[in-house]
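The structure appears below as structure tokens.
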Amino acid sequence: MCGIVGIHSHEPVAAELHDSLIHLQHRGQDAAGILTCSERFYTKHGLGLVREIFTPDDIAKLNGHVGIAHTRYPTAGGYSEADIQPLWIGSPRGIALAHNGNLVNYQTLSHQIRTQQHRHLNSSLDSEVLLQLLADYLSNDSLKNEEDEQFFFQLCQAIKKIFDVVKGSYSVVGVVIGKGLVAFRDPHGIRPLVWGERKREDGRSDYIFASENTPFYALGFEPMGDLAPGEVAFVNREGKLFKQIVEARAFTPCIFEYIYFARPDATLNQVSVYRSRLRMGQNLAKKWKQAYPNVVPDVVIPAPFTANTAALSFAHELGVRYSEGLYKNPFIGRTFIMPNQSARAQGVRYKLTPQRTEIENKKVLILDDSIVRGTTSREIVKMVKEFGAKEIYFVSSCPPIKHPCFYGIDMPSRKELIAANQSLDQIQAYLGVDKLLYQTQEDLVEAVTRRGEHGIKRPCMACMDAQYVCGEINEEVMAKMEANRELERVE
């Protein structure tokens, strides 16, 4: 999971790309990069947080009215500076790309590129495979064509070839020198990609494409909705927008965006993340009353911050007090997307401080967005016990996660997923809680799709139900991919 943004403006674009990355920082803390374009590419990238990488002097040197940017949370590739996006290639003409998602058949495609096309891959990123394929399918003739309508047709044909051979999730923003800004989304729409327009006084428009619409308000863009699954967008040098759905398949956006990843003020696939989390808490509270009708907590406490919204509606539905009994240090990163387990475990106590007045001698219900490995949840429970809770209950907005994700969430192998290896009673004992309750899959889907105006029949929930929507993933393939990921981590 990463954050991507592309902007075509009639003014220099670097500062707005930087500000967009600040608004998308929650989607990746490992590295970030900005690429702008005029007659050549200008780039700046680095490891760490956005505010640590870019200086005002850096931004001033990034020339051009079109550009793309990326903030990285690694699920494929390494941790070196060679593995930071955006990526670019000088021939043909000059093409750059930033990608959010994960390619299931990366190993096969990279092998073909190396052995059949005899091209060098400079990184371990699956995004470089996308870049090489796009450059290959966009022939020299299409890039020399000066008619934008004809170029857009040829661009759609090239991306259609990508749809035919690439399996997995990919939302992409890109730049072609001398042509303009490109954006497209995989045919299943697994990863989000929204767009906005900013009308200027002279009648022209600026355009933005991003993982979330969270930067739009600050930059003055009006949200225009989502790129549809399999849709391609192109903004030419003059700022004219072209859009076309090239190929759409079953619409299965990732449900974990709503559970955890997206910022609560985002709207993805015409669904408010905030409202969906309110409904998750509401549905979970109704389930609690059915499962434990005689058990009423004194206080409902979220594991901040992604669970705050669900905990608020959960407490309201039960008619008990909501309290932020765990104070979160805002300067500590998101532990789920830290690069290894030791960093995640250490980060829990660094970022959370229990408030004794809200916990001591009380029956405390902790609501978290999910239980993945179980170590973070267990550490939170230990902290609440240390501050004198009389009883501790634990509920999860997300159903049990039993399968790895191959579409961009860091759930690499079943042996690391607590629900894949332990029963409900065993998990309850491991966490050290008096009661444990998970959201059901049906209630989670209902919480996200309640409005019914978005065309989502069933989101991608492969990490919960093993129904992988693309890539033909069976038990044998899954075991091989898990082994490859373990090898990547060792290397």
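The values are calculated or read from the model by the stated rules, or taken from the named source; none is laboratory data. Being a predicted model, the structure only gives us computed values, none of them experimental. Neighbour counts are summed over all protein chains in view; Cβ atoms, including those assigned to glycine, are modelled from backbone coordinates with ideal geometry. We work out accessible area using only protein heavy atoms, side chains counted, and drop any ligands, DNA or RNA first. Shrake-Rupley method; radii C 1.70, N 1.55, O 1.52, S 1.80 Å.
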| request: Answer yes if at least one residue in the stretch 405-417 is among the charged types (D, E, K, R), closer than 15 Å to Ile259 by Cβ and not in a strand (DSSP E or B), and no otherwise. | output: yes
| message | Whether any residue in the stretch 450-472 is farther than 26 Å from Val104 by Cα, open to solvent by less than 10 Å² (accessible area, probe 1.4 Å) and of a type in the set (A, V, I, L, M, F, W, C) is what I want to check. | response | no
| How many of the residues making up the stretch 410-441 are more than 23 Å from the chain's Cα centre (by Cα) and aromatic (Phe, Trp, Tyr)? | 1
| task | Quickly run through the stretch 318-354 and pick out the residues that are modelled with pLDDT of 75 or more and surrounded by 17 or more Cβ atoms within 10 Å (Cβ to Cβ). | result | Leu318, Val320, Tyr322, Ser323, Gly325, Leu326, Val348, Lys351, Leu352, Pro354
| note | When every residue in the stretch 143-196 that is in a loop (DSSP other than H, G, I, E, B) and among the basic types (Lys, Arg) is compared, the one farthest from Ala233 (Cα to Cα) is Lys167
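Using the structure shown, decide if Thr306 is open to solvent by 10 Å² or more (accessible area, probe 1.4 Å) and modelled with pLDDT under 95.
Judged against the criteria, Thr306 is a match.
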| Can you pull out the residues in the stretch 248-271 that are at pLDDT 95 or above and of a type in the set (D, E, K, R)? | Glu257, Arg263, Asp265
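Residue-by-condition table, conditions (1) over 22 Å from Cys463 (Cα atoms); (2) among the β-branched types (Val, Ile, Thr); (3) crowded, with 22+ Cβ neighbours inside 10 Å; (4) touching a residue at least 60 places away in the same chain (Cβ under 8 Å):
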{"residue": "Val246", "(1), (2), (3), (4)": "yes, yes, no, yes"}
{"residue": "Cys254", "(1), (2), (3), (4)": "no, no, yes, yes"}
{"residue": "Glu257", "(1), (2), (3), (4)": "no, no, yes, yes"}
{"residue": "Asp265", "(1), (2), (3), (4)": "yes, no, no, no"}
{"residue": "Val273", "(1), (2), (3), (4)": "no, yes, yes, no"}
{"residue": "Met280", "(1), (2), (3), (4)": "no, no, yes, yes"}
{"residue": "Leu284", "(1), (2), (3), (4)": "no, no, yes, yes"}
{"residue": "Tyr292", "(1), (2), (3), (4)": "yes, no, no, yes"}
| Which residue out of Leu134, Leu121, Leu143, Leu130 is modelled with pLDDT under 90, open to solvent by less than 20 Å² (accessible area, probe 1.4 Å) and within 28 Å of the chain's Cα centre (by Cα)? | Leu121
| message | Just to confirm my filter: which strands (runs of 3 or more DSSP E) fall fully inside the stretch 1-99 and include at least 1 residues that are open to solvent by less than 10 Å² (accessible area, probe 1.4 Å) and either touching a Pro at 6+ places or on another chain (Cβ under 9 Å) or without any contact (Cβ under 8 Å) to a residue 40 or more places away in the chain (or both)? | response | 3-8, 31-37, 41-47, 66-72
| Residue count for the stretch 153-199, restricted to those that are among the charged types (D, E, K, R) and open to solvent by 10 Å² or more (accessible area, probe 1.4 Å) | 7
